[in-house]
Amino acid sequence: MSTQAADIDHGDHDHGPAKGITRWLYSTNHKDIGTMYLIFSLVMLFIGGSMAFVIRAELFQPGLQLIEPEFFNQMITMHGLIMVFGAVMPAFVGLANWMIPMMIGAPDMALPRLNNLSFWILPFAFALMMSTLFMDGGGPNFGWTFYAPLSTTYAPPSVTFFIFAIHLLGASSIMGAINVIVTIMNMRAPGMTYFKMPMFCWTWLITAFLLIAVMPVLAGVVTMMLMDIHFATAFFDAGGGGDPVLFQHVFWFFGHPEVYIMILPSFGVVSQVIPTFSRKKLFGYHSMVYAIIAIAVLSFVVWAHHMFTVGMPFVGELFFMYTTMLIAIPTGVKIFNWISTMFRGSMTFETPMLYSIGFVVLFTIGGLSGIMLALAPVDMVYQDTYFVVAHFHYVLVPGAIFGIFAAVYYWLPKWTGKMYDEGLAKLHFWVSFIGLNLTFFPMHFVGLAGMPRRIPDYPLQFADFNMIVSIGAFMFGTSQLIFVYVLIKTLRKGEPAEQLPWEGAEGLEWTLPTPAPYHSFPTPPTVE
Amino acid sequence: MSTEQQYYIPEPSKWPLVAAASMFVTLTGLGLLLFNMTAGNDSMSGQLMFGLGLVGMAYMFFGWFGKVIEESMGGLYSNQLSVSFRKGMSWFIFSEVMFFAAFFGVLFYVRLFSVPWLSGEGAKGIAHMLWPDFSATWPLLTNPSPEQFGSPKAVIDPWHIPLINTFLLVTSSVTLTLAHHALKAGKRSLTKIYMAITMLLGFTFLALQIYEYIEAYQHLNLTLSTGIYGSTFFMLTGFHGAHVTIGCIMLTTVFIRILKGHFTADDHFAFEASAWYWHFVDVVWLMLFMLVYVF
Amino acid sequence: MFKKVAVFGLFLALVPTVAFSDWQLNLNRGVTDTSIAVYDLHMLVLYICVAISVVVFGVMFWSIYHHRKSKGFESHEFHDSTALEILWTIVPTIILIVILFPATKALINSYDTEESDIDIQITGYQWKWRYKYIGEDLDFFSVLTTPTDEIRNKSEKNENYLLEVDKPLVVPINKKIRFLLTSNDVIHAWWVPDLAVKKDAIPGFINEDWTRINEVGIYRGQCAELCGKDHGFMPIVVKAVTQEDYVIWLAEQKALKEIEAAASQADWSMEALLVKGEGVYIKNCAACHQPNGMGIPPVFPAIKGSPIALGPIGTHLATVFEGRPGTAMAGFGEQLSSVDIAAVITYQRNAWGNEVGDMLSPTDVDKLKGGE
Ligand code: HEA
Ligand code: HEA
Ligand code: CUA
Ligand SMILES: [Cu+2]
């Protein structure tokens, strides 16, 4: 995406990109590494999406038609893992790489070589993870939550490689997060105080903190699995005094903050985009910051809302129900602030704005179904049904993925120096929007009517809605080809973009020439 | 916050890629090794790949750190960069804290919840129906399913080797701090002496730990596979031991660099980073000593 | 646009091929006081959520419509208001508190497992359920009966496709029934929507739950926790009957047991065992070892050519009787009658080209059961 950046690189002290493949392999440049992250994530989105296609094709009609149940289980597991760790998280790190130095007035990330290392671990980790699909006995088939003992004693032999793939991913995420946090804390231009930082940097600061805090816990839990499998320890085996539920506690201690890791950067993007296209400052900047902090703090004490049916002691159940519901309050503050930013603004609706509005609406729907799930007695009915699947796709797809699309369209002109095709981009939005709702809204209905998740075949009363869901999924998935086409077209024959392509945009990144020079701010700008 | 000096953006470098590749080879090799071990294959492919990976890692560490040292000695690093290093190291240690926190959390859960429940106490004591002969003790010497998980004869007595080890590590933290003061005061030879003592204490700790493991395995039947006590015991002390090992390697490296005269009284980040790490490992040990051995 | 129309056309063309489906949008109210309470709570929150959406999206779309640049609207300085911030912190808090009261009440209720009339231990197995009536001498397995042909789309699917079992759990209405849930292998979850009961069955631990059914009827559910390859194929059927019918049913079950015991004393010929064995195999073993005996290596070994099935009959019996702890291979000694075990072993030794030629008689299995 940034190949053009080289052309106008006329700084005398800073060197332009190296020639050839080593530019990418050995890179220490935040833009190149960001680009690699973004491309990697797009590839993963397509692989994970193809797996969703397989799932939806099998579920198109009742009965087993295309694949065997074992393979189905491998598909849902890999779909979940690839989307979460391969598509969403790397995309956010890619955006962080590109934007944070530009937004805080830094020449690059604080630790450029570490940065390259955290990227290059990813392709290796996913190669290892996906290779398990071809091993004897198949790949991981225990869901992306890999509950013990299904993932230990009863797992296919390839689980060992799955565990090490998770270790690699975790190492990559931790290093990436350390880099972001250090960059934000140490590389801000003079005068750029914390409370002058753009919202995107704030959300990433908190996200990085969450990552550093919980990725080691994930590493810990997979390590215990490894020990149970190969060294006959008893962590998750009652026969030796352990407890399978212990696995879930440790996993979700990581898992719940993880879901906010997948949404906070999107919050940040939307907080950049909405003010721009409303031509108005972000409403309630300070309360937005406090809301993110509150969400992050709360996210550490709500984990067992994923475990309402494991039979926790009563007080535990109550505690986790109450704390979970509390999260609605800071999240509500954010939603209301975005709407107030639009209120009495002077709005236009370019693609990034469309995605942001789509985000606000659909994320709220997903958040509200989250509140329904948070009620322990009712969750006894929702748990592990498609209602949950509907909930999390509503927060993840229009949440995380729409946030990423908004960001890409918003900053693409700055990255490439070219303008994308607004008409096609709008088409991409609308087809995605309709396809997405067609896919995920009916899931609420089948879930309430009683369809469990993670099944390759279902009773007949769910047939009609499942067919709609599958059709929606094909529509949504195919519409992503438009996205790829828009990107290619922009790069190859996009109109040159102006330095400030968006009338209402503010922030240091827009003070740079277009396309952004290879090294962002060799001398730090001063922020008054 | 900013200095007049330019922030140093390192040259493109092959080391990150080498690092990623050797991490991959090492872990895949280890995976293969374990896989073969559990499946009962005699194939040495795992060992081979694992070894290859380790060689790669060693090559990478020498190369990468060598490069960094060279740059640092060449005066390329600004004040701001060294702040970045410091912050990076602190957050890395925080991530390690969370890693240990997960294992301590497990110990906590097992002792407060699962073991009592299995023996009929507490909110979910009804589980006792499935294990009618089980009664809870800590340390847990008889497991709910004695057929599946053997019974340790006894556990390690905290007041022998562990107490000595506590003494060793605490002392080593003190001597390391003394070395740091000496370094800051520019007293090179004193620094060397204190460093040597610190390392000696660290290596002795490791040796005693190994001795303790042998004792546990050979005489006490306290192993990884004798139930949750052994599982948590070896997991926590083992990971701690691994960290002490890394710490020792770091100290050794620093020691060699001191001998080579790399550090000045006010610029010795590598020393400080290793010292932080060592103190962290020490604090973890104190918690281990209390929670794993004594109580 | 064209694509959308085409897709919908395709969709309409396919709809008639699916029989029996309906367009149920919401939860069932169910047939227990708990399920009704849960339903009411669900509706309450749902309405609240809809109301919140209407207000929030209402304001948003109103301003999207009016405050647009194309209408010439100028942006205003309006980016901070402490009063508003406080307001939209407090209002959601109040809403949440309103919801919390009924939720807490419902939760307290669902934890009250005291004073039950009947206790039933439910154990999950890969992939079937076992019901043990505590205090009665009654203990049986409940397995999916949907024919493979229906699953493989070779014949018309019946109305209760995937929701039918050989032996349902039979319980009386208007009695407090306590469930003790556990598992033999991995985690399962026992779920019947109409009773609003869903609880995980966890190996080595016991979870409690309870129900009191108000109406006679058949209630169907499914396992709700991913438990391996046939997770989608381990349904639950609960038959709620009157107390009188329940007593009759209990007596019948006990009589059946005696008939079974007598059968093992009878003289079984090899042919008869082989015929019976095939049936037992298909029902109990084929899920893992496959109908053709090939298994799904490496996890599920083949029986065809297996050293166990071709080796000494005693080892073979022990494997089937006790299972292999820590693997999916459960012990069948408690699950199957002596005749069934004898039959299935005889069958495994002499099918698909296994030609050991010997047979196991039910009395030998009886001996093992007797504790030899
Ligand atoms: C980006 C990811 C993301 C996000 C942001 C969320 C946000 C929330 N989630 Fe979700 N969740 C997932 C991803 C996410 N979740 C995933 C992946 C799973 C399934 C994992 C698996 O099992 O595989 C899951 C599962 C899950 C469960 C477990 C369900 C089950 O398995 O039984 C629960 C239960 O409490 C829950 C609750 C919530 C809540 C309360 C929020 C809140 O943060 C939502 C807050 C937002 C709002 C409430 C809307 C805006 C607020 C207002 C407009 C103010 C006014 C509102 C009120 C007064 C109510 N989630
Ligand atoms: C960010 C995360 C994310 C994203 C973006 C998605 C995207 C999608 N998901 Fe995913 N999903 C999860 C995270 C995510 N999911 C998780 C965590 C689970 C739980 C897993 C578990 O249970 O363990 C899950 C589970 C899950 C299920 C439930 C499986 C089950 O329980 O049985 C289903 C079923 O419909 C589904 C469908 C989809 C669909 C249709 C999309 C669509 O949005 C995908 C759209 C497709 C694309 C964007 C790619 C387009 C590709 C092409 C156009 C190329 C096509 C080419 C060929 C096929 C040749 N998902
Ligand atoms: Cu049993 Cu799912
Ligand atoms: Cu959660």
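Numbers at a glance
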item	result
Over segment C:76-141 - Rg/Rh using Cα atoms and the Kirkwood inverse-distance radius	1.46
Solvent-accessible area buried by A and C, counting both chains, probe 1.4 angstrom, square angstrom	9200 Å²
Within chain C, percent of DSSP bridges classed antiparallel, to nearest 5	75 percent
Segment B:79-294 - convex hull of alpha carbons, volume per residue in Å³	117 Å³
Area buried, chain A against chain B - accessible surface, total, 1.4 angstrom probe, square angstrom	5900 Å²
Loop GluC sites (Glu not before Pro), segment C:64-158 (other Cβ atoms within 10 Å of the site Cβ: 11 or fewer; DSSP)	C:GLU74, C:GLU77, C:GLU114, C:GLU115, C:GLU156
Rounded to whole Hz, the Karplus (6.51, -1.76, 1.60) HN-Hα couplings of segment A:467-475, x for glycine and proline	5, 4, 4, 5, 5, x, 5, 5, 5
In sequence order, calculated HN-Hα J values of segment A:187-202 (Karplus, 6.51, -1.76, 1.60; Hz; x Gly/Pro)	10, 5, 5, x, x, 7, 6, 3, 7, 10, 5, x, 4, 4, 5, 4
Residues of segment C:76-100 buried by at least 30 Å² on assembly (accessible area, 1.4 Å probe, chain alone as reference)	C:HIS76, C:PHE78, C:HIS79, C:GLU85, C:TRP88, C:THR89, C:PRO92, C:LEU96, C:LEU100
Stokes-Einstein D for segment B:12-76, Kirkwood Rh over Cα pairs, 37 °C, 0.692 mPa s (µm²/s)	254 µm²/s
Square roots of five times the Cα gyration tensor eigenvalues for chain A, Å	37, 25, 24
Residues with amide H under 5 Å from that of A:THR385, placed H, sequence gap 5 or more	A:ARG453
Charge dipole (debye, nearest 20) of chain B; +1 at Cβ of Lys and Arg, -1 at Cβ of Asp and Glu	520 debye
Under the Debye formula (equal points on every Cα, no solvent term), log10 I(q)/I(0) of the protein assembly as shown at q = 0.09 Å⁻¹	-1.20
Largest to smallest principal axis extent of the C-alpha atoms in segment A:32-258, angstrom	60, 43, 27
Tail weight of P(r) past 19 Å, computed on alpha-carbon pairs of segment B:157-253, percent	48 percent
In chain B, lysine pairs with alpha-carbon atoms under 19 angstrom apart (chain gap of 8 or more, or interchain)	6
Cubic angstrom per residue, convex hull over Cα atoms of segment C:277-334	86 Å³
Alpha-carbon gyration tensor eigenvalues x 5, square-rooted, for chain C, Å	53, 28, 20
Where N is the number of residues in segment B:70-116, Cα Rg divided by 2.2 N^0.38 Å	2.03
Residues in segment B:82-98 occluded by at least 40 Å² - accessible area, probe radius 1.4 Å, against chain by itself	B:SER84, B:LYS87, B:TRP91, B:PHE94, B:SER95, B:MET98
In segment C:117-210, the trypsin sites (Lys or Arg not before Pro) that fall in loop regions by DSSP, at most 10 other Cβ within 10 Å	C:LYS154
Accessible surface of chain A, 1.4 Å probe, proportion on carbon and sulfur as whole %	70 percent
Reference-scaled alpha-carbon Rg (2.2 N^0.38 Å with N residues) for segment B:79-195	1.73
Chain B - percent of accessible surface contributed by carbon and sulfur, probe 1.4 Å	70 percent
5 Å binning of all Cα-Cα separations within segment C:24-110, expressed as whole percents from 0 upward	3, 10, 13, 16, 14, 12, 9, 7, 6, 5, 3, 1
Beta bridge orientation in the protein assembly as shown: antiparallel %, DSSP, nearest 5	75 percent
Sequence-distant residues sharing a close amide H with C:ASP209 (under 5 Å, placed H)	C:PHE179, C:LEU181
Between 0 and 90°, nearest 10: helix A:422-449 axis offset from chain A longest Cα axis	20 degrees
Positive-end extreme of charge dipole, segment B:79-294 - chosen from B:LEU190, B:LEU288, B:ALA101 (charges on Cβ)	B:LEU190
Rounded percent of accessible protein surface that carbon and sulfur make up, segment C:212-252, 1.4 Å probe	54 percent
Kirkwood Rh, Cα atoms: Rg over Rh of segment C:267-370	0.92
The protein assembly as shown, helix-only ellipticity at 222 nm - DSSP H runs n ≥ 4, -39,500 (n - 2.57), divided by all residues, nearest 500	-19500 deg cm²/dmol
Per-residue HN-Hα couplings for segment C:220-225 [Karplus 6.51, -1.76, 1.60; θ = phi - 60°; Hz; x = Gly/Pro]	10, x, 9, 5, 10, 10
Under-5 Å amide H pairs with C:VAL165, H placed in peptide plane, nonlocal only	C:THR145
Among C:CYS223, C:CYS49, C:CYS288, residue whose mean-square fluctuation peaks in a GNM of chain C (springs only between Cα atoms under 10 Å)	C:CYS49
Degrees, to the nearest 10: B:188-218 long Cα axis against longest axis of chain B	20 degrees
Only Lys, Arg (+1) and Asp, Glu (-1) charged, at Cβ; the protein assembly as shown dipole about Cα centre in debye	3300 debye
Low-density loop cleavage sites - trypsin sites (Lys or Arg not before Pro) in segment B:108-160, where at most 13 other Cβ are within 10 Å (DSSP)	B:LYS153
Cα-based equivalent ellipsoid of segment A:246-305: semi-axis lengths in Å, sorted from largest, via gyration tensor	30, 12, 5
Hydrodynamic radius by Kirkwood, which averages 1/r over all alpha carbon pairs of segment A:329-479, in angstrom	16.8 Å
Partner chain coverage, peptide A:216-226 - average Cβ within 10 angstrom	5
Set of lysines with alpha-carbon distance to C:LYS367 below 26 Å, sequence-local pairs under 8 removed	C:LYS132, C:LYS254, C:LYS257, C:LYS276, C:LYS283
Listed residues A:MET451, A:ASN186, A:PRO496: farthest to the positive end of the dipole of chain A (Cβ charges)	A:PRO496
Per-selection Rg to Rh, segment A:46-136 - Cα, Kirkwood hydrodynamic radius	1.16
Hull-based mean projected area of segment A:435-518, where the convex hull spans the alpha carbons, in square nanometres	9.4 nm²
Spread of Cα-to-Cα distances over 5 Å intervals beginning at zero, given as percent, for segment A:263-519	1, 6, 12, 15, 16, 14, 13, 10, 7, 4, 2, 1, 0
Solvent exposure of chain C as accessible area per residue, Å², 1.4 Å probe	47 Å²
0 to 90° range, to nearest 10: angle between helix B:161-184 axis and chain B longest Cα axis	10 degrees
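The values are calculated or read from the model by the stated rules, or taken from the named source; none is laboratory data. Everything numeric here is computed off the predicted structure, so don't read it as measured data. Cβ coordinates were reconstructed from backbone atoms using ideal geometry, including for glycine residues, and neighbour counts include every protein chain displayed. Ligands, DNA and RNA are excluded from the accessible area calculation, which covers all protein heavy atoms including side chains. Shrake-Rupley method; radii C 1.70, N 1.55, O 1.52, S 1.80 Å.
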